[in-house]
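Student: Quick one: the structure is below, and I'll ask about it shortly.
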Amino acid sequence: MINQILSQILKEKGIGNLTITKSDRPDLCDYQSNDVFKISKELGKSPQEVGKNICERINLLDNFDKYFEKVEFIFPGFLNIKVNDDFINKEITKMKENKKFNVKMPEKKEVFVVDYCGANVAKPLHVGHMRTTIVGESVARIIRFLDHKTICDVHLGDYGLQIGQVIYAILRDKKQIEDIDIKYLDKVYPEVSALCKNDEIVREECSKITKELQEGNDRYRELWKKILEVSVSDIKKNCDYLGAHFDYWYGESDAYSYLPEIEKLLVDKKLLVESQGALVVNVSKESDKKEIPPLLFKKSNGAYLYASTDLACLLQRKKDFNPDHILYVTDLRQALHFEQVFRTADLCGLFPKDSLEHLGYGTINGMDGKPFKTRDGKAPKLENLFHEIKDIFISKKEENRNL
């Protein structure tokens with residue numbers, strides 16, 4: 001904000017169009033301008049001559065002391081600017097007194113869907129889920145601050161293989177539906193996940209249960225609803241503690257009914273291509289600097305994948321909200337997945353690619369340097385972290401109990 005004000009002041013005083021930026025060396029000055037090289041080239045003069053001339057003209061301004069403490073030319077072609085403290089204080093006071101802190105508001109108000117948290121149900125949140133939740137909530141608040149409309153959706157993973165694995169455990173353990181709680185889910189999910197790695201029969205049975213659930217098996221849907229109820233209650237509790245609040249608690253399952261329509265759209269646009277029995281969309285471009293493989297829409301056995309349901313979810317959001325932008329907050333390991341989905345959405349005319357954005361971040365890792373995974377049962381629980389921090393905080397001072 002202050003650099004824009006300074007640029008405008010100098011322009012009004014006839015100094016010219018100097019772009020002023022925050023200093024790379026705050027120990028030397030507050031702001032700087034690197035435009036001397038550009039101006040000297042336009043005038044056919046040396047940077048030293050032009051830089052010194054600009055510097056002298058600024059220092060001779062009648063109200064120099066009102067804005068500047070010091071402006072000097074630094075070889076080979078930089079202007080170093082130290083700002084007057086009174087000027088800074090006055091601008092900060094103006095910002096403080098303004099409802100929006102003098103931040104320039106956009107001319108057009110837009111609708112943003114912000115997709116974050118994205119936890120898989122059937123298991124408690126671990127510490128790795130904290131980052132997507134905090135980053136996503138922060139992004140949504142910034143967008144709202146700019147007077148845009150946000151639609152925040154948690155987009156739960158509630159229809160994948162982990163559900164089949166947990167249902168398998170419930171049937172194996174002959175559990176009554178009322179006995180299913182978060183502790184039981186936390187115990188059996190990593191247990192059956194590990195079992196699937198070593199036992200092909202169990203793995204195939206869990207896949208079969210998942211497919212039959214998605215096809216409408218009544219018994220499995222009853223258990224799925226209970227798993228969802230228990231999980232969502234636990235996820236909401238932890239999100240509330242972090243101050244993250246969602247407009248919609250939709251999941252992968254909500255997009256499932258849109259799959260036939262999105263498949264028809266891809267067929268009509270002649271985008272689906274058969275490859276080894278599967279259906280894929282070729283999304284690569286000649287300009288790609290690295291290989292972008294085709295989006296796998298449907299496996300040879302007829303099963304849909306995350307990319308399929310993410311496209312179906314885009315169709316759902318188009319119909320329900322017709323947003324100007326959709327932002328996805330996940331870690332960077334999903335960058336390729338979203339690139340494929342965004343390109344496909346663009347190709348079939350669902351959303352222009354520049355309206356879809358993946359806000360990627362790094363991972364939260366364990367002592368082994370690897371990202372936490374719930375399925376191995378070793379990831380620290382997010383709720384445990386909250387309790388641990390609270391205990392440490394209270395132990396420091398007795399009066400902290402009242403905060």
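Student: Once amide H atoms are built 1.01 Å from N in the peptide plane, which residues 5 or more positions from residue 152, or in another chain, come under 5 Å H to H?
Tutor: Sorted by chain and number, the residues that satisfy this are 114, 247, 248.
Student: Right, something else. Can you classify the chain as rounded, prolate or oblate using the Cα gyration tensor, where a ≥ b ≥ c are the square roots of its eigenvalues, rounded means a/c under 1.5, and otherwise it's prolate if a/b beats b/c and oblate if not?
Tutor: Because a/c hits 1.5 or more and a/b exceeds b/c, the chain counts as prolate.
Student: Taking amide H positions as placed in the peptide plane 1.01 Å from N, state which residues far from residue 331 in sequence (5 or more) or on other chains have amide H under 5 Å from it.
Tutor: Correct list: 361.
Student: Please report the net charge: other residues with Cβ closer than 9 Å to the Cβ of residue 169, K and R +1, D and E -1.
Tutor: +1
Student: Given H placed on each backbone N at 1.01 Å, which residues far from residue 251 in sequence or on other chains put an amide H within less than 5 Å of it?
Tutor: Those lying under 5 Å, H to H, from residue 251 are 156.
Student: Sticking with this one: By how many degrees, 0 to 90 and rounded to 10, does the Cα axis of helix 335-347 deviate from the longest principal axis of the chain?
Tutor: Helix 335-347 sits roughly 90 degrees off the main axis of the chain.
Student: Among 80, 210, 121, pick out the residue whose Cα is farthest towards the positive end of the charge dipole of the chain, where Lys and Arg carry +1 and Asp and Glu carry -1 on C-beta, about the Cα centre.
Tutor: 80
Student: Residue by residue, what Karplus-based ³J(HN,Hα) values in Hz, rounded to whole numbers, does segment 115-132 have, using 6.51, -1.76 and 1.60 with θ = phi - 60° and x for Gly and Pro?
Tutor: 9, 8, 6, x, 6, 7, 6, 6, 7, x, 5, 10, 4, x, 6, 5, 5, 4
Student: Right, another one. Sorted by accessible area with a 1.4 angstrom probe, largest first, how do 284, 253 fall?
Tutor: Ranked list, largest accessible area first: 284, 253.
Student: Give me the log10 of I(q) over I(0) for segment 1-95 at q = 0.12, 0.15, 0.19, 0.21 Å⁻¹, as the Debye formula computes it from C-alpha points; what are the numbers?
Tutor: -0.35, -0.54, -0.87, -1.06
Student: Something else: With a cut-off of at most 14 other beta carbons within 10 Å, and DSSP calling the residue loop, which GluC sites (Glu not before Pro) in segment 230-317 qualify? Please list them.
Tutor: Answer by residue number: 286, 291.
Student: Just to verify a number: what accessible area does residue 250 come out at with the full protein assembly present, 1.4 Å probe, Å² rounded to tens?
Tutor: Taking all protein chains as shown, residue 250 has close to 60 Å².
Student: Under the rule a/c < 1.5 gives rounded, and otherwise a/b versus b/c splits prolate from oblate, where does segment 294-374 land using the Cα gyration tensor?
Tutor: oblate
Student: Please list, in order along segment 53-61, the HN-Hα scalar couplings obtained from phi with the Karplus expression 6.51 cos²θ - 1.76 cosθ + 1.60 (θ = phi - 60°), rounded to whole Hz, x for Gly and Pro.
Tutor: Each residue's phi maps through the Karplus curve to give 5, 4, 4, 4, 5, 5, 5, 8, 4 Hz.
Student: Given the DSSP H assignment, sum -39500 (n - 2.57) over each helix run of at least 4 residues in the chain and divide by its residue total; what's the result at 222 nm in deg cm²/dmol, nearest 500?
Tutor: -15000 deg cm²/dmol
The values are calculated or read from the model by the stated rules, or taken from the named source; none is laboratory data. In this text, all values refer to a predicted model and were calculated from it rather than measured experimentally. Cβ sites come from the backbone with ideal geometry, for glycine too, and all protein chains shown count toward neighbours. Heads up: the accessible areas ignore ligands, DNA and RNA and are worked out on the full protein's heavy atoms, side chains in. Shrake-Rupley method; radii C 1.70, N 1.55, O 1.52, S 1.80 Å.
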